1. Ordering 81, 246, 105 from largest to smallest accessible area (1.4 angstrom probe), what's the sequence?
2. Evaluate E = 1/(1 + (r/R0)^6) for residue 25 and residue 74, where r is the Cβ-Cβ distance and R0 equals 35 Å; express this FRET efficiency to the nearest 0.05.
3. Full extension from residue 17 to residue 229: what is 0.36 nm times the residue separation minus their Cα-Cα distance, to one decimal in nm?
4. Calculate, for segment 58-211, the solvent-accessible area per residue in square angstrom, rolling a 1.4 angstrom probe over the heavy atoms of the protein chains.
5. Among 305, 247, 221, whose Cα projects farthest towards the positive end of the dipole of segment 203-312, with charges put on the beta-carbon of Lys, Arg (+1) and Asp, Glu (-1)?
6. Given points 7 Å out from each Cα along the Cα-Cβ axis, report the residue 292 to residue 10 separation in nanometres with one decimal.
7. About its Cα centre, what dipole magnitude does segment 8-157 give when the only charges are +1 on Lys and Arg Cβ and -1 on Asp and Glu Cβ, stated in debye to the nearest 20?
8. Can you pull out the chymotrypsin sites (Phe, Trp or Tyr not before Pro) in segment 195-252 whose DSSP state is coil and whose Cβ has at most 15 other Cβ atoms within 10 Å?
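The values are calculated or read from the model by the stated rules, or taken from the named source; none is laboratory data. Quick caveat, the model's predicted, so the values are computed rather than measured. Cβ: placed from backbone, ideal geometry, glycine included. Neighbour counts: every protein chain shown. Ligands, DNA and RNA are stripped out before the accessible areas are found, and what is left, the full protein with its side chains, is counted by its heavy atoms. Shrake-Rupley method; radii C 1.70, N 1.55, O 1.52, S 1.80 Å.
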Amino acid sequence: MTYTETSLDALRQYGDEIADATVATLFEHGEVGKFNTLMRYVSTAGAPLPDGLPDVARDYLHETSAPPAWVDWDEMEKARLFFIDNNVHISTALSFAAMPACYVLPPVAKLLSATHSLEYPSKRMAETGQFTVYLMQPDAFEAGSRFIPAVQKVRLLHAAIRHHLSQENRWDTDIFGTPICQEDMIGGQLLFSLLVLDSLHRLNIHMSVDGAEAYFYAWRVVGAMLGVDQEQAPKDVESARQFHDLYMTRHMGPSDEGVRLTRQLIDLYEEVVPGTFFDPIVSALIRYLVGDTCADWLQVPRTAWDTAVKTAPTLLGILETIEDKSPLGAWALDRLGHFTTLFELSSLTRGRVMQYAIPDHLKPEFGVSSTLSRSRRWTPPAVSITT
């Protein structure tokens with residue numbers, strides 16, 4: 001499939017019909033609070049649904065309780081093993097490349113900013129980390145897993161944002177199309193798959209073609225479960241790159257929300273890094289992975305580590321060579337990566353299980369002004385997220 005400005009414009013006109021209808025009915029009947037309360041007890045796939053759950057929610061949960069019929073489970077297992085082998089690198093790419101790439105898209109940054117808790121600004125990162133860990137468990141799609149309920153709740157969260165913005169007239173659909181539209185949803189799917197793979201390549205991580213393609217495939221499955229129209233989404237890496245490049249150049253640029261979210265991200269990981277001496281590595285790594293132009297838009301500080309961090313691929317290449325040649329070394333590095341990922345997730349969640357609830361309101365100040373017009377879609381300079 002070849003993507004054009006016209007075809008991507010068309011994708012901005014619709015969201016997720018199933019989830020949108022469910023959320024609209026919950027709000028219409030005043031049942032959002034009841035739904036959120038009862039859904040705290042629905043955390044594993046296959047568990048009995050609680051009594052009193054609204055009928056529309058029960059129907060939605062049954063309809064979305066399984067992955068798409070076209071899933072190739074051999075590919076999904078390859079993807080899981082790829083994640084196990086590269087979990088710490090994937091977490092790094094998600095945190096320091098994929099999330100900043102979201103922030104460099106002004107409308108997306110505004111949407112993300114709308115759902116951040118003022119008391120817990122790292123909530124988004126904690127939810128993302130937990131979601132990814134759930135996805136890559138051996139039983140992710142089986143009874144007893146936490147992944148499927150998480151997907152179902154995140155899908156409704158997105159629908160709730162669309163509902164609030166359309167009902168409260170705080171989104172200019174003539175300029176921006178539907179909030180969290182199919183273009184943005186496909187773009188997000190690629191940021192968490194294609195851009196992660198590109199970042200691993202930039203970090204000099206040794207990857208098999210089969211493993212990388214399986215990881216890309218796994219996020220197609222996830223996208224389908226999140227309501228992404230896979231008939232319109234890229235089905236291979238080549239078409240994904242064409243979509244991604246066009247999507248980014250259509251929308252990327254600076255915004256106050258992007259700067260604020262990036263500052264929260266940097267502060268969050270500086271707290272995770274022991275001591276203060278290595279704190280500047282966080283900013284340096286973001287700048288290395290997204291490039292100077294995007295980093296400047298996000299006001300990522302320049303530090304003395306900016307040059308030093310460019311040696312990271314060499315060091316990682318050495319570690320990868322040890323892993324490739326030594327079964328014991330591979331086991332030790334895999335375990336280190338596993339524990340590092342768990343430590344990071346524990347730090348992000350602060351020991352809590354993150355709840356994906358339908359927001360009953362957005363921040364009072366949230367809204368997108370028509371002054372952020374389609375002209376901000378640039379005729380951009382020849383820059384993109386570094387790959």
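1. Result of the area sort, largest leading: 81, 246, 105.
2. Computed FRET efficiency for residue 25 and residue 74: 0.35.
3. Between residue 17 and residue 229, full extension yields an extra 75.3 nm.
4. Computed with neighbouring chains in place, this is 34 Å² per residue.
5. 305
6. Each label point lies 7 Å from its Cα, and together they span 4.1 nm.
7. In total the dipole reaches around 600 debye.
8. none
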